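A short worksheet on the structure shown next.
The values are calculated or read from the model by the stated rules, or taken from the named source; none is laboratory data. The structure displayed is predicted, hence computed values, not measured ones. Using ideal geometry, Cβ is built from the backbone for each residue, glycine included, and neighbour counts are taken over all protein chains shown. Ligands, DNA and RNA are stripped out before the accessible areas are found, and what is left, the full protein with its side chains, is counted by its heavy atoms. Shrake-Rupley method; radii C 1.70, N 1.55, O 1.52, S 1.80 Å.
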Amino acid sequence: MMLSLWRLMTMSMVVVRTIVVASDNSSRDGAHRNHDSSIHWNYRDYNHHNNDGPRNRKRKSNPDEISCCMAQNIHIEPGSSVRTDGTVDMYISFTLPFPDCKNLDVAITYDCSPAENTPPVTVPLTRFIQFESYENAWNTKPQPSSYIFHGLLEQLPASATDCWYQIQHHMDRESKQPSSLDDNNLSPKITFTTPTTLGQPSTLAIVADWGQTTDSIHTMELIKNATIRKSNETILQNISLRTKKQIHNSPPLPVVSTLLVVGDLSYANGHLPSWETWLTSMQPLFQSTPLLVAAGNHELECDAHTYEIFRAYQHYFRTPNYHDPTDWRRVPFQKRWKPCTHPSQEVWSVYEGGNSYYQFREGLAHVIVLNPYTPTNVGSVQYNWLQTVLQTEVDRTISPWLIVAFHCPFHTTFRGHNHEINSQIMKEAMEPLFLKYNVNVVFSGHQHSYVRSHPMRYGQVDTDGHSPIYMTVGTGGESHSLGPLHPRQGDWVAVRDHSTFGAGQLQLVNATHAHWERLMDDTTDPSLRDSVWIVNYYTTTIKQMPSNEETLFQSDANTMETT
């Protein structure tokens, strides 16, 4: 997470001005909530600075690959939790280049109906937001962003695997003359999946600290290729008879249905075009797999003049049940933090609403995403929101698995990012809530390494297994340059690794059992793999299990944890 000295010497913050633009016909489709569009960056001038410096592992962009007015940087995101009626809203987010594509009517045509005679639905997008960068180290003159759109597709069926969409522009707004719908202004037909129906088995892919390296691309490909690599029979062959009966009748273990990125996404660090190069490199995955994001310190990108924070993160993405921020600022305090692109310890920022923190339900999971870089102490807005959600909105009869995600971990076994104030404040306030309401698993990043703990209660291993398992999954692809492992691993660590990149997948098989596995190369040293069955302590206690189930899965170094 630390910048190289070269980047520190050349980095300065960007002052941005927000411009909301609406077409003349912006009111004609008021029934569609998806017209509130967002922002994107035009990176056609990026090659003047394409990382010939120390970060030369970064992927270079080729402007010749970009067709004029073709949708770029496409990613899809849940616009709501999955509802009990089996429906879910989805955002289709993308950009169009500036300035050529301003006077265009843009629309998304899609179909999620299995019936062949059902006509596709076309949703026009009539608003976008654009902001302009001022002079800084990356830009010698002000540069406007690309036009960012967020189109909301409402009431789609959950668990759909045969949906498709196309993005088109079909009329010049000034001449009001229709343009021909040829390959130059109609995107290819893109298939996508929707999150899993409530109560059904589901799989989450989870990663953090992704970046823009060759390893980052490889991690993206690992997730994209995550399929049913083992049948139920293969996975269950070494499991005790009682557990096999519990799992055997479940549907086949599903492919990844949703991707969760637990902070530190692009590592743009105030260099606006790098947001687009990252989204472009991730588009093969993001255009088809529902994406959830969490705020990390590299998303802060604090403006040294206006003290606004999370600008790019706020505008590029949409999270479930999104609403505009109610408070969005950073309190200035010390000149040494003035650049403020990615402070790892930041307690002077406020980011309420927007994409800061939220909840999401699908399949067997209730996922809560938190933000360590806005107040988390007892009585804060975020703390009160979390307490209300846990008290009144989590229904374990529908979502038996309760999962929490945030960027900086409570527990670490590395020398870097150790005992940071954000983690300490958050842990002191929120760990009692995690324990009181029986959280199963907590995912974090920040450390560019992998850690899985035993069940933990106030810093100690819970030998009864009635506490959360903590996982650090900061192996998306950004370098391992955060310092060595602490020589003493600690009894609370089940597995740790500081040498390989990749992601993980959590397969929620039923209300009592889940399977966690690191997604890694087949050529990876088997000793670095981690594959474990997790038993839901909220629905199954250790006392209910026979003694021969201490180890359920005997493959590589795989074990069972009860949580």
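How many residues, within the stretch 382-429, are of a type in the set (V, I, T) and surrounded by 22 or more Cβ atoms within 10 Å (Cβ to Cβ)?
Total meeting the criteria: 3.
Taken over the stretch 511-527, the criterion of being in contact (Cβ under 8 Å) with a residue 60 or more places away in the chain and open to solvent by less than 30 Å² (accessible area, probe 1.4 Å) is satisfied by T512, H513, A514, H515, W516, R518, L519, M520. Residues that are open to solvent by 10 Å² or more (accessible area, probe 1.4 Å), of a type outside the set (S, T, N, Q), in contact with a Pro (Cβ under 9 Å, 6 or more places away or on another chain) and closer than 14 Å to C163 by Cβ within the stretch 87-125 comprise Y91, Y110, D111, C112, P114, listed in sequence order. Looking across the stretch 133-161, the residues that are surrounded by 16 or more Cβ atoms within 10 Å (Cβ to Cβ), modelled with pLDDT under 65 and within 26 Å of C69 (Cβ to Cβ) come down to S133, W138, N139.
Mind checking whether some residue in the stretch 177-193 is within 30 Å of H298 (Cα to Cα) and at pLDDT 90 or above?
Initial filter on the stretch 177-193 (within 30 Å of H298 (Cα to Cα)): 192-193.
Keeping just the survivors that are at pLDDT 90 or above gives 192-193.
Yes; the residues of the stretch 177-193 include at least one that is within 30 Å of H298 (Cα to Cα) and at pLDDT 90 or above.
If you go through the stretch 348-381 and keep only what is open to solvent by 10 Å² or more (accessible area, probe 1.4 Å), in a strand (DSSP E or B) and touching a helix residue (DSSP H, G or I) at 6+ places or on another chain (Cβ under 8 Å), you end up with E352, Q359.
Can you find a residue in the stretch 450-466 that is acidic (D, E) and within 27 Å of V293 (Cβ to Cβ)? Checked the stretch 450-466: no residue is acidic (D, E) and within 27 Å of V293 (Cβ to Cβ).
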